[in-house]
Amino acid sequence: MQQVAILHKPRTLVRRWPADLADRLFVQGGQWLLLALLLLGVLLPLTAMLWRGLAGDPGQGGGLAAASELVASANFRWLLGNSLKSALAVVLIVVPLAYAFAYALQRTCVPGKGLWRGISLLPLLAPSMLPGIALIYLFGNQGVLRDFIPDNIYGFWGIVLGQVIYTFPHALMVLLSALALADARLFDAASSMGASPWRAFRSITWPGSRQGLFAAACLVFTLCVTDFGVPVVVGGDYQVLSLEAYKAVVGQQQFGRGALIGLFLLLPALLSFAVDLWLRRRQRDAMGGRAQVYHPQPSRGRDGAFLLLVLLVSACLLGVFGMAVYSSLVKFWPYDLSLSLHNYAFSELPGGWLAYRNSLLLATCCALFGGVLIFLGSYLLEKTRQSPLTQLLRLLCFIPMAVPGLVLGLGYVFFFNLPANPLHGLYGSVTLLVICTVAHFLTTAQMTASAALRQLDGEFEAAALSLKVPLLRHFFRVTLPICLPALLDIVRYLFVSAMTTVSAVIFLYSPDSLLAAIAVLNMDDAGNVGGAAAMSTLILLTSAAVSLLLAGASRGLLRRSQAWRAAPGH
Amino acid sequence: MATVDLQLRDIHKGFGAFKALDGVSLDIAAGELVCLLGPSGCGKTTLLRCIAGLERQDGGAIRFAGRDVSELPPQARDYGILFQSYALFPNLTVAQNVAYGLAGQGRDAIRARVNEMLELVGLTGSEQKYPAQLSGGQQQRVALARALAPSPSLLLLDEPMSALDARVREHLCGELRALQRQLGITTLMVTHNQDEAMLMADRIAVMNHGRVEQYASPQDIYRAPATPFVAEFVGQGNWLPFERDGEHARVGDLSLRLHSAQRGAGHAERGRLFCRPEAVVINPPVHEDNLFPAQMREITFLGNRCRLSFELDALPGHALLAELAPESMPRLSGAEIWVALPPRSLQVFA
């Protein structure tokens, strides 16, 4: 057999190091490092919280005896009742509204979908106090629409309205994805059998989105029960549990009592999380591989009605946020309505601009370090041999989703404030705030990364190995460029979340690491509502600017890589 | 055959309770193209991945050219692999894909090598294109060029044709085979498609339930299947239950003469007779052995041949198949036919 010399090579197969040493270091080292970070950032603080709540020393309001005493007290029942009542009311208002809004965006031919979507996500860009502050300017004792409500806004309805605005985009995002995919063939089959649109909705759309609806309800309920940004601003005498936990720890140094209430707040989250998981498992593969994507056909009556609803909701949101921005620019509400930047003179306040700078630093660090770490971690989870270690890591990554920020923050207090903890020095530093914030928002970011990575051909890594290319180099050469849009998405999510979060970090800041969102809370507490509105507006603008910047970068990136993204070859 | 290049000894691999590989041993000679053929789940892909080092076998030894690589990571083995999906990197150009495994050489050397490889697979001029801009067949060639660029001494092909449509497939099978011959590279290919295996392989290893049922040339696999599974999996066949009656086999009321090779001792008392459809003779012009009356049921026209379904009068309800050239069809008239099952074509399975 005549052979061509094309495969002849002078090559030595002797190497000094095992060929896969670098890869092993990268994979094994990375996974163990990830485990250490997750233990430190998630599991140990939560364990500390449990321990402090159930077996704490007397005098700080912890322990089982204190727990039963707490549950038996009339005050606790009143707080619990208040929390449940307002949270349920919010669920009943927000979920149907968000469902209709999501339906309008996904299943009708309403014009200007991108615009409505952008407006509806506005509340994500500001701390949860902002809706409360706007409500005060609208319906407060000196509000512009004061006469439209019989009583005053402080109390039950203030909390409900504020939390409706705060939770609307959260519910919307869940429902948008629940309604995103529909199999056109099912609708064709229904109409060929003479089913009315209403019947088709009941038999196709509704069963397919029920689970998403439940998930949205659970999410909203949990957010409401654990949020204290809105109650602290417009709650008035209507006290709720989350506020009580905050007051116990920050005001009275009653760590045990705070932990106990935190445990109570963990219950609805864990419960709804478990039910949600169970439902999700039951509803797997509703959308088969051969499904055809459903595109709604124009229908005048339906589209008109939904457009009206979308306009109404958008107008309300714009009104509320416009009011907050406007009020921050007013010189002295309600006596001198001339515009000025007087409220933005933060340098005259204790903390002042430091808080804003800290927030920027925190958000940037969370976005960059957190984003890279989470993406690399997800790569190590998705693209390596599955082992008990990767299973454990997956589980640990999942926990933060079920843990409210308030509970996580308390856990950090108990764990990092232990004098015996060698990491005690981190307490009160921006570093710890970064760790806590990344841990808080870990699950969503990790799921985004994993979803993007799972779309890549599973044989890419095997191909790289067979070509003797180190895994880390392959990651930077192939994986990262393909997944860059998803990474930018994660960076944006982490940045905005870090800019606006209050719930976890409120227990962890020191005067030197004061954050903008916390400054909002403090200013409002001190009666400086104008300053609070100004700082909220600043956060809103920063989040919006960074989001737009990253969206633009992502779009430019996609355009530049159009040549190879254009058509999947096979 | 020449020297043994790839040697597999008693390879075991399990996934939980499932035995993917149950003691596989194969010798592949240098320059040979061997196909692993079998239904999905038979362990052929697992075997390929064990050879590639992408899965670690539970037991057994793998040797490349006398070197034991059983415990080595993929990077330390010396092979190129072509995946079912090709796994071309979509963000890299054709040239960059081919150059992916060539790091550490000079820039000029890499460029020269890339040009050489693209010329080899006939894709000169596509250097700056992205995989998404190529057809399926072209993508396959890029993947092949990429796998061969670092000069591996073994080529592994994982269902290389399954992503292509039938027309391109046959053409590329021929091309791939020609290229393999030209390079003289030892090649192991996994496929579930018997036509591909027949077309390309020097030898075929038919696998089932994690075991090699038969390892032989395509001709031997087809003409003399070693097990009922091989007989059934490769090509079409007729099966007749029988009981032994001296030198004859009794099928229902019929007595069939067997070929001398099939009469020997050690054969079971009862079992199944196997016969290829094309070996069945319909209405022979002269007398033949094992000639029986039958009823014709159906004729299917397949282009270059016809398939005929019939039932022996002595064995009603048991549909059998015959294949014959279309030009012999006019000899058929009416449903009544005579069918000969030549003794040479009858094979006995226990």
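Values in this text are rule-based calculations from the coordinates and carry no lab data. Bear in mind that the values here come from a model prediction, so they are computed numbers and not experimental data. A quick note on method: Cβ atoms are made from the backbone with ideal geometry, for glycine too, and the neighbour counts reach across all protein chains shown.
Values as computed for the structure displayed
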quantity: Cα gyration tensor category, rounded, prolate or oblate, for chain A with a/c compared to 1.5; calculated: oblate
quantity: Relative contact order of chain B, defined on C-alpha pairs under 8 angstrom at six or more residues apart (%); calculated: 16
quantity: Rounded to 10°, Cα long-axis angle of helix B:166-183 versus longest principal axis of chain B; calculated: 60
quantity: Share, in percent, of DSSP beta bridges within chain B that are antiparallel, nearest 5; calculated: 75
quantity: Cα centroid separation, region B:182-223 to region A:82-118 (Å); calculated: 60
quantity: Inter-chain shielding of B:92-104 (mean C-beta neighbours from other protein chains, 10 Å cut-off); calculated: 3
quantity: Two-decimal log10 I(q)/I(0) for region B:204-350, as the Debye equation yields it once each C-alpha is a single scatterer, q = 0.08, 0.10 Å⁻¹; calculated: -0.23, -0.36
quantity: Spatial separation of Cα centroids for region A:447-516 and region B:128-170, in angstrom; calculated: 32
quantity: Percent breakdown of C-alpha pair distances by 5 Å bin, ordered from the shortest bin, for region A:469-570; calculated: 2, 11, 15, 15, 13, 11, 9, 8, 7, 5, 3, 1, 0
quantity: Computed log₁₀ I(q)/I(0) - Debye formula, equal Cα scatterers, no solvent, region B:4-232, q 0.07, 0.11, 0.17 Å⁻¹; calculated: -0.22, -0.55, -1.25
quantity: Region A:63-157 - percent relative contact order, Cα under 8 Å, separation 6 or more; calculated: 12
quantity: Neighbour-count order for B:E127, B:E243, fewest beta carbons within 10 angstrom listed first; calculated: B:E243, B:E127
quantity: Charge dipole (debye, nearest 20) of region B:1-64; +1 at Cβ of Lys and Arg, -1 at Cβ of Asp and Glu; calculated: 180
quantity: Peptides A:194-201, A:449-456 ordered by average Cβ neighbours within 10 Å, highest first; calculated: A:449-456, A:194-201
quantity: Chain A: angle of helix A:529-560 to the longest principal axis, Cα-based, in degrees nearest 10; calculated: 20
quantity: Point-charge dipole on Cβ atoms (K/R +1, D/E -1) for region A:21-131, about Cα centre, debye to 20; calculated: 460
quantity: Of all DSSP beta bridges in the protein assembly as shown, antiparallel share, percent nearest 5; calculated: 80
quantity: Peptide A:451-458, shielding by other chains (average Cβ, 10 Å cutoff); calculated: 2
quantity: Protection proxy ranking of B:295-304, A:369-378, B:336-345 - average other beta-carbon atoms within 10 Å, highest first; calculated: A:369-378, B:336-345, B:295-304
quantity: Translational D in µm²/s for region B:273-318 (Stokes-Einstein at 20 °C, 1.002 mPa s, Kirkwood Rh from C-alpha pairs); calculated: 178
quantity: Average other protein chain Cβ within 10 Å of Cβ, residues B:74-83; calculated: 6
quantity: Pairs of alpha carbons in region A:347-559 whose separation is greater than 24 Å (percent); calculated: 49
